[in-house]
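The values are calculated or read from the model by the stated rules, or taken from the named source; none is laboratory data. Just so it is clear, the structure is predicted and the values come from calculations on it, not from any experiment. Virtual Cβ from ideal backbone geometry, glycine too; neighbours counted across all protein chains shown.
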Amino acid sequence: MEITFTINNEKRTLEVSPHQRLLDIIRKDLGLTAAKEGCGKGECGACTVLFNGEPVASCLVLAPQAEGAEILTVEGLLSREGELHPLQQAFLDAGAVQCGFCIPGSIMTGYRLLQDNPEPEREEIRQALAGNICRCTGYQKIVDAVQLAARRMQSGGDSS
């Protein structure tokens, strides 16, 4: 079956099988490899993307469900010039990347949080990221990164 959707502001049409997962078309068909398969059960958050503006585990979404959808992956946060989004840069600056496996999903969840709440408290960040499992950082640096990005985005510049 053929589906048409927008991913990272680019309209795409693909031939998909009814049982194919969104994660598979993102990674294998489109070559966008930031979203990872951690558990394949929607429990770890490594495959989180924004689907019509909401964070979803792309391993649980069937490809046909993407018909007409707007999808945003961490690759789509880069500027046209290839510059990192302030949240991506904050993850680097705060040392929140460790092994990096879970980071794209955490960034997408954090990005959505900052859209709704540009000045979140630490507990609000922890709650938003509750579905994103990280085995390396202990979450402290991830929370720091989201807060750093929030400060920078509010001030319009570098707010270390």
Pairs needed: first member in the range 13-25, exposed (fewer than 11 other Cβ atoms within 10 Å of the Cβ); second member anywhere, of a type in the set (Val, Ile, Thr) and modelled with pLDDT of 95 or more; C-beta distance under 6 Å; at least 6 residues apart or different chains. Thr13/Thr4
Residue count, the range 26-52 (criterion: small (Gly, Ala, Ser) and in contact (Cβ under 8 Å) with a residue 40 or more places away in the chain): 5
Out of the range 127-136, which residues are surrounded by fewer than 15 Cβ atoms within 10 Å (Cβ to Cβ) and within 19 Å of Ala149 (Cβ to Cβ)? Gln127, Ala130
Tell me which of these Glu81 doesn't satisfy, since it passes every other one: (1) closer than 28 Å to Leu14 by Cα; (2) outside the structural domain of Gly31 (by TED's automatic domain parsing); (3) touching a residue at least 24 places away in the same chain (Cβ under 8 Å). (3)
Over the range 54-75, the set of residues of a type in the set (Gly, Ala, Ser) and under 11 Å from the mean Cα position of the chain (by Cα) is Ala57, Ser58
Would you confirm, using the coordinates I've provided, whether Glu67 is touching a residue at least 24 places away in the same chain (Cβ under 8 Å) and surrounded by fewer than 23 Cβ atoms within 10 Å (Cβ to Cβ)? yes
Scan the range 38-53 residue by residue and report those that are of a type outside the set (Val, Ile, Thr) and within 13 Å of the chain's Cα centre (by Cα). Cys44, Gly45, Ala46, Cys47, Leu50, Phe51, Asn52, Gly53
Would you say Ser58 is hydroxyl-bearing (Ser, Thr, Tyr) and under 30 Å from Met1 (Cβ atoms)? yes
Given the condition under 28 Å from Gln127 (Cβ atoms) and either modelled with pLDDT under 95 or touching a strand residue (DSSP E or B) at 6+ places or on another chain (Cβ under 6 Å) (or both), answer yes or no: does some residue in the range 15-36 qualify? yes
Out of the residues in the range 7-37 that are basic (Lys, Arg) and more than 14 Å from Ala69 (Cβ to Cβ), which is farthest from the chain's Cα centre (by Cα)? Lys28
Scanning the range 132-160 for residues that are touching a Ser or Thr at 6+ places or on another chain (Cβ under 7 Å) and part of a helix (DSSP H, G or I), which turns out nearest to Val74 (Cα to Cα)? Ile142
Among the residues of the range 71-102, the number that are small (Gly, Ala, Ser) and surrounded by fewer than 17 Cβ atoms within 10 Å (Cβ to Cβ) is 4
For the range 90-105, does any single residue satisfy the condition of being touching a strand residue (DSSP E or B) at 6+ places or on another chain (Cβ under 8 Å) and touching a residue at least 60 places away in the same chain (Cβ under 8 Å)? yes
